[in-house]
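This report concerns only the one structure given below.
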Amino acid sequence: MKDIIVLQENLLLLEKELKTLTEKISSLERSQQDLQDLKLEMKALKVFLGRAHPDFKSQFPEILEKVKD
């Protein structure tokens, strides 16, 4: 009888852990989708700027170097 109670408690703990992990995964998936959206938007901006300002393409690597430092 005591073993059954211990097993039930362990099962409840595992269910709570699984729920927590599922919530964390959902949060990470949303964050990953947000990052993918931002990446796509940045690519679109680079294409636009490259067309509107042809010298942007040559200056962009230099700009990135300055921002990284």
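The values are calculated or read from the model by the stated rules, or taken from the named source; none is laboratory data. As the structure is a prediction and not an experimental result, all values here were calculated from the model. Virtual Cβ from ideal backbone geometry, glycine too; neighbours counted across all protein chains shown.
Observations, loosely collected:
- Ser27 vs. criteria surrounded by 10 or more Cβ atoms within 10 Å (Cβ to Cβ), assigned to a helix (DSSP H, G or I) and small (Gly, Ala, Ser): yes
To keep it simple, each residue is scored yes or no on (1) at pLDDT 95 or above; (2) assigned to a helix (DSSP H, G or I); (3) exposed (fewer than 10 other Cβ atoms within 10 Å of the Cβ).
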{"position": "Ile4", "(1), (2), (3)": "no, yes, yes"}
{"position": "Glu15", "(1), (2), (3)": "yes, yes, no"}
{"position": "Asp37", "(1), (2), (3)": "yes, yes, no"}
{"position": "Gln59", "(1), (2), (3)": "no, yes, no"}
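- Test: Ile25 is at pLDDT 95 or above and of a type in the set (A, V, I, L, M): yes
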